[in-house]
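Presented below is the structure to which this report refers.
The values are calculated or read from the model by the stated rules, or taken from the named source; none is laboratory data. Predicted model, so just to flag it, every value in this text is computed and none were measured. Backbone-built Cβ (ideal geometry, glycine too); neighbour counts: all protein chains shown. With ligands, DNA and RNA removed, areas are computed over all heavy atoms of the protein, side chains included. Shrake-Rupley method; radii C 1.70, N 1.55, O 1.52, S 1.80 Å.
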Amino acid sequence: MNILSQLNVSNESCLRALVLYLSFFISTISHASSPPSTIALSWTTAETLVAIGAPPIGMSMRDNYQKWGSIRSLPEDTVEVGISFQPNLELITSMHPDIIVSDSVFAVSDEQLSDTYNTHRFTIYQEDVDRWNELTDFTRKLSSAIMLPDSGEVYIADLEDKIEHLKNRITEWNEPLLIIRALDLNHVRVYGQNSLVQAVLDQLGLSNAWQEPTNQKGFSIVGVEALIGIDARLVIVEGPQLSGNIATQLSDRGLWQYVPSIRENNLLTVPPFWVFGALPSAYQFSTSLVEAFEDSTSN
């Protein structure tokens, strides 16, 4: 083989090596720019992933969330993987997720998951913390865990801008609120300090009439009679026990008829949202509350 032929062979080999290297490099960059496939074993993680543009491939109790959660339009291809504390391990294995995320309320209980997969557990709804700051911090941590920190920051900035616009729409609203969800026809949860509800009211500059002690998640369980002596605008979050035309249902029912907002027919109702949720739930509630107030003043 002459020198010219040897040079041609050498150049061809280098070219092939260069092509292989560039193909590998481009493939690596492309893979790194895409979010990892994620399964969310709690509603807080699932709704946050959807909100930042990285919906999970699977989530716990998907159908129940669509009915009682805060995001009504989950991606159709998001698969339900069972209940939070007892997920379908066989199904999860078949989906080959990169990451499994949950929060401390619904922690991954089966060691098989943490042994096999990259799992992240986030602690939220701690006692005696600034709830809004806790939820924004949770959003940052979750978006960083799936390698999309900028998406989290963009979402937080956009959300806080929207909340500020909502606040500007209700500058004349100075009436204290009493926000509840019925457990049955005689007992309710009232939301106060430590709750997502309180965090939203603080952001909107609104006053909460419930100043009694609450548990770690921010609610008290009381009988309807506890509401009678409180001079405030009642807001009922719809749920399995009360939905539809609630004012009509309660106007002549037992002690409910003596609650000021029922008696005076100025009750406000808001659609279901995940009351122990993250920022998407906070936004859903804030939007629904402002719209309910505006509807009541236009009638």
Test for residue 90: is it modelled with pLDDT of 90 or more and closer than 22 Å to residue 137 by Cα: no
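Look through 259, 290 and report the one residue that is farther than 30 Å from residue 142 by Cα and open to solvent by less than 10 Å² (accessible area, probe 1.4 Å).
Working: 290 fails: farther than 30 Å from residue 142 by Cα.
Checking each option against the conditions leaves just 259.
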List the helices (runs of 4 or more DSSP H) inside the stretch 40-131, counting only whole elements, that have at least 1 residues being touching a strand residue (DSSP E or B) at 6+ places or on another chain (Cβ under 8 Å) and within 25 Å of residue 270 (Cα to Cα). 43-51, 62-68
List the number of the failed condition for residue 193; all other conditions in (1) open to solvent by 10 Å² or more (accessible area, probe 1.4 Å); (2) in contact (Cβ under 8 Å) with a residue 40 or more places away in the chain hold. (2)
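If I filter the stretch 233-246 down to residues being assigned to a loop (DSSP other than H, G, I, E, B) and open to solvent by 10 Å² or more (accessible area, probe 1.4 Å), which single residue comes out as modelled with the highest pLDDT?
Within the stretch 233-246, the subset assigned to a loop (DSSP other than H, G, I, E, B) is 238-245.
Adding the requirement that they be open to solvent by 10 Å² or more (accessible area, probe 1.4 Å) leaves 238, 240-241, 243-245.
On the way: 238: 90, 240: 81, 241: 77, 243: 77, 244: 76, 245: 78.
Among residues in the stretch 233-246 that are assigned to a loop (DSSP other than H, G, I, E, B) and open to solvent by 10 Å² or more (accessible area, probe 1.4 Å), the one modelled with the highest pLDDT is 238.
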For a quick check of your reading of the model, give me the residue pairs whose first member lies in the stretch 199-211 and is within 15 Å of residue 235 (Cβ to Cβ), whose second is open to solvent by 50 Å² or more (accessible area, probe 1.4 Å), with beta-carbon atoms closer than 6 Å and at least 6 apart or on different chains. 204/167
Just to be sure before I move on: is residue 175 in a loop (DSSP other than H, G, I, E, B) and closer than 26 Å to residue 209 by Cβ in the structure I sent? yes
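Of these, 216, 198, 249, 203, which one is assigned to a loop (DSSP other than H, G, I, E, B) and at negative phi?
On the way: 198 fails: assigned to a loop (DSSP other than H, G, I, E, B); 249 fails: assigned to a loop (DSSP other than H, G, I, E, B); 203 fails: assigned to a loop (DSSP other than H, G, I, E, B).
Result of the check over 216, 198, 249, 203: 216.
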Determine whether the stretch 71-84 contains at least one residue that is of a type in the set (A, V, I, L, M), surrounded by fewer than 21 Cβ atoms within 10 Å (Cβ to Cβ) and modelled with pLDDT of 95 or more. yes
Please specify each residue of the stretch 262-284 satisfying the condition of being buried (at least 19 other Cβ atoms within 10 Å of the Cβ), assigned to a helix (DSSP H, G or I) and free of Cβ contacts under 8 Å to residues at least 40 places away in the same chain. 262
Can you spot a residue in the stretch 144-165 that is surrounded by 13 or more Cβ atoms within 10 Å (Cβ to Cβ), over 18 Å from the mean Cα position of the chain (by Cα) and closer than 24 Å to residue 206 by Cα? no
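I want to confirm something. Restricting to the stretch 179-188 and keeping residues that are free of Cβ contacts under 8 Å to residues at least 60 places away in the same chain and within 24 Å of the chain's Cα centre (by Cα), which single residue is nearest to residue 234 (Cα to Cα)? Give the derivation first.
So the first thing to find is which residues in the stretch 179-188 are free of Cβ contacts under 8 Å to residues at least 60 places away in the same chain, and the list is 179-180, 183-184, 187-188.
From the residues that got through so far, the ones that are within 24 Å of the chain's Cα centre (by Cα) too are 179-180, 183, 188.
On the way: 179: 6, 180: 8, 183: 16, 188: 12 Å.
Top of the filtered list is 179.
If you check 129, 101, which single one turns out to be modelled with pLDDT of 90 or more and loosely packed, with under 15 Cβ neighbours inside 10 Å? Let's see the steps before the verdict.
Values: 101 fails: loosely packed, with under 15 Cβ neighbours inside 10 Å.
The unique qualifying residue is 129.
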If I filter the stretch 217-240 down to residues being in contact (Cβ under 8 Å) with a residue 60 or more places away in the chain and either touching an Asp or Glu at 6+ places or on another chain (Cβ under 8 Å) or of a type in the set (Gly, Ala, Ser) (or both), which single residue comes out as farthest from residue 132 (Cα to Cα)? 239
Could you say whether any residue in the stretch 219-232 is modelled with pLDDT of 95 or more, part of a helix (DSSP H, G or I) and polar (S, T, N, Q)? no
